[in-house]
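To start, the structure itself, in structure tokens.
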Amino acid sequence: MPNPNPKPEELVQIDYQPSGKGWADPTVEFRKGTFCYSALPKNLNYLGLPNPREWQPFDADWKLPADWKRTILNGMKERLEKFRSFRLFMDICVRCGACADKCHFYIGSGDPKNMPVMRAELIRSVYRRYFTAAGRLLGPLAGARELTEDVIKEWFYYFYQCTECRRCSVFCPYGIDTAEITMIGRELLNLIGCNINWVLEPAANCFRTGNHLGIQPHGFKDSLDFAVDELEELTGIRVDASINRKGAEILLVVPSADYFGTPHYYTFLGYLALLHEVGVDYTFSAFASEGGNFGLFTSHEMIKRLNAKIYAEAKRLGVKWILGGECGHMWRVLHQYMDTMNGPADFLEVPVSPVTGTRFEHARSTKMVHICEFTADLIHHAKLNLDPSRNDRWNVTFHDSCNPARAMGLLEEPRYILRSVCNRFHEMPENTIREQTFCCGSGSGLGTDENFEMRMRGGLPRANAVRYVHDKYGVNLLACVCAIDKATLPPLLEYWVPGVEVAGVHELVGNALIMKGGKQRTTDLRGEPLVETEAAHA
Ligand code: SF4
Ligand code: SF4
């Protein structure tokens, strides 16, 4: 009987020897620690999704709708016609194996069905059986499989063991993006009510209140007021953080974890300090109070529904452009889907920094700029007075969050900022950073406690690279620009590399920032004692 709470020394004993069970056998064991619990009926009801009911993945009877098979096959047909990439990815894999050992879940679990090529094969085999002549005629000889309830359970198990990180696609000579296959797989499962609560609860909250945490407008205002008060205590400066202010130049949209989570909140204080210091005219929106979008982990239709509020609020408030905070999947949606799903945003202007005059041409279509792009531009134009020694208690490395790195190419700006605000910075090995970065292991809605073992397995390659710089250079802080990372990397590092903490890039900016008229700082944004240097008051 496997230990439900394995220690690191047990978990690191990974068996890469295939079990001998044929790949076509779909049976899976829903073992505690390796899967996520089902979505609550109330959340399906909020979102108008089919088949709300009480069930769990370990139940023998999943209470599927009577016509579940026809629903899935019709759904596949519709998506094969609608998404050219889906049909292409079903047809062109040559099984070269270049992706096989690139997935963190395979590396951490040794389960062959966590090889990206095999994950895709789970759905491709059904595609062959029902949508190709060879599969219809030759069946298993052509790699085709019948669609059965066990196949549905297998899909659920493995499509919720993929964080849609896209690392595998970097290595595929054909550019097959297994994340997109997982997205379609999850979308199909949603048609028959097979979904997980950790995805649908935030999505339902977001649909109802505009943010994942379900915070209502008065709660949002309270948190903002609290942050403004706390920043004043720390810096001696009272900043103005307005909500729903019509006519502001910029709408600021951040992940909601930034105003409640730890360590996210310190990043939030960093934004407030920075934007005040350079005199930016911005407002938050109480409705577009979330940049994150768990629709990405549900369906394309849900992405669109949850994203629509951002342009709608930008229009209502009459801003010129939108500035976005530190988040991962938020940027995948904003960069790759928002403009075509809910745009064109022709009522907005091409973003121009009011401080430096830089015109962000790359944001010409979305009208949305990442706060790291904005801050890197400020530093480049010498608009910030920075004292990196205020971050001297940290020896820093940078984790490229999958979506900002691979989905939008945000590689240099965070590094440029970190080198400007910290004195000690060390990169992890090059095959673990930038486009080749390893996922936290808990993205795409898999960051639940019930899934803890699989999260620790999936996060092992990331943690291993952190361990390398921790042991070699004494790194004690992992900086990142993703709200999910900030929630999931602390337990991962506590498990695999105790002694390394996690922070957002703008927390370190906020620490280093010398604010005009500020009091002598005695603590950093975490309230930890700070040794003030002469540079601060020169
Ligand atoms: S690298 Fe691409 S072509 Fe090769 S097995 Fe993987 S998905 Fe198929
Ligand atoms: S997208 Fe990421 S998690 Fe999914 S199969 Fe590829 S490497 Fe693995």
- request: Write out, first by first residue and then by second, each pair whose Cβ atoms fall under 8 Å of each other, whose residues are 6+ apart or on separate chains, and whose first residue, in the range 233-253, is of a type in the set (S, T, Y) while the second is assigned to a loop (DSSP other than H, G, I, E, B).
  value: T235/M515; T235/G518; T235/K519; T235/R521; S242/A248
message: Here are the criteria: (1) among the small types (G, A, S); (2) within 14 Å of the chain's Cα centre (by Cα); (3) in a loop (DSSP other than H, G, I, E, B). Tell me which single one A487 does not satisfy.
response: (3)
task: Starting from the range 520-538, keep only residues that are surrounded by 14 or more Cβ atoms within 10 Å (Cβ to Cβ) and part of a loop (DSSP other than H, G, I, E, B), then list their pairs with residues that are among the aromatic types (F, W, Y) and modelled with pLDDT of 95 or more whose Cβ atoms are within a distance under 7 Å, requiring at least 6 positions of separation or different chains.
output: L525/Y266; R526/Y266
- request: List every residue pair whose Cβ atoms lie under 7 Å apart, where the two residues are 6 or more positions apart in sequence or sit on different chains, the first residue falls within the range 113-124 and is within 14 Å of A98 (Cβ to Cβ) and within 9 Å of ligand 1 (Cβ to nearest atom), and the second residue, located anywhere, is in a helix (DSSP H, G or I) and of a type in the set (S, T, N, Q).
  value: P116/T178; A120/T178
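Determine whether the range 402-423 contains at least one residue that is in a loop (DSSP other than H, G, I, E, B) and of a type in the set (D, E, K, R).
Filtering the range 402-423 down to residues in a loop (DSSP other than H, G, I, E, B) leaves 408-411, 422-423.
Within this subset, residues satisfying the condition of being of a type in the set (D, E, K, R) are none.
Checked the range 402-423: no residue is in a loop (DSSP other than H, G, I, E, B) and of a type in the set (D, E, K, R).
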field: Residue check, C172 touching a residue at least 40 places away in the same chain (Cβ under 8 Å), in contact with a helix residue (DSSP H, G or I) (Cβ under 9 Å, 6 or more places away or on another chain) and closer than 20 Å to T34 by Cβ
entry: no
- prompt: Do the conditions hold for A204, that is, is it over 30 Å from Q520 (Cα atoms) and among the aliphatic types (A, V, I, L, M)?
  reply: yes
- request: Look through the range 464-487, keep the residues that are within 16 Å of ligand 2 (Cβ to nearest atom) and surrounded by 24 or more Cβ atoms within 10 Å (Cβ to Cβ), and return whichever of them is nearest to C440 (Cα to Cα).
  value: D485
task: Filter the range 74-97 down to the residues that are buried (at least 16 other Cβ atoms within 10 Å of the Cβ) and assigned to a loop (DSSP other than H, G, I, E, B), then identify the one that is farthest from ligand 1 (Cβ to nearest atom).
output: F83
message: Of everything in the range 316-333, what is over 20 Å from T209 (Cβ atoms) and in a helix (DSSP H, G or I)? Give them in sequence order.
response: W331, R332
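Would you mind listing the helices (runs of 4 or more DSSP H) fully within the range 136-236 where at least 2 residues are of a type in the set (A, V, I, L, M, F, W, C) and within 16 Å of ligand 1 (Cβ to nearest atom)?
Numbers: elements: 149-159, 167-171, 178-191, 197-209, 217-235.
Because the criterion is at least 2 residues that are of a type in the set (A, V, I, L, M, F, W, C) and within 16 Å of ligand 1 (Cβ to nearest atom), the helices (runs of 4 or more DSSP H) in the range 136-236 that meet it are 167-171, 178-191.
Right, T267: within 27 Å of the chain's Cα centre (by Cα) and modelled with pLDDT under 95 or not? I'd like the intermediate steps shown before the answer.
Numbers: within 27 Å of the chain's Cα centre (by Cα): yes; modelled with pLDDT under 95: no.
No, not satisfied.
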message: Against the definition (more than 26 Å from T178 (Cα to Cα), part of a helix (DSSP H, G or I) and among the aromatic types (F, W, Y)), how does Y46 come out, yes or no?
response: yes
- line: Across the range 486-523, the tally of residues that are polar (S, T, N, Q) and within 18 Å of V278 (Cβ to Cβ) stands at 1
message: I'm trying to understand the selection: among the residues of the range 385-437, which are surrounded by 21 or more Cβ atoms within 10 Å (Cβ to Cβ) and of a type in the set (S, T, Y)?
response: T397, S401, T437
- request: Within the range 100-115, identify whether any single residue is charged (D, E, K, R), crowded, with 21+ Cβ neighbours inside 10 Å and more than 16 Å from ligand 2 (Cβ to nearest atom), and answer yes or no.
  value: no
- prompt: Only one residue in Y106, Y130 is out of contact with any strand residue (DSSP E or B) (no Cβ under 7 Å at 6 or more places or on another chain), in a helix (DSSP H, G or I), of a type in the set (S, T, Y) and closer than 26 Å to T34 by Cβ. Which one?
  reply: Y106
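The values are calculated or read from the model by the stated rules, or taken from the named source; none is laboratory data. Keep in mind that what you see is a predicted model, and the values were worked out from it rather than measured. Neighbour counts are summed over all protein chains in view; Cβ atoms, including those assigned to glycine, are modelled from backbone coordinates with ideal geometry.
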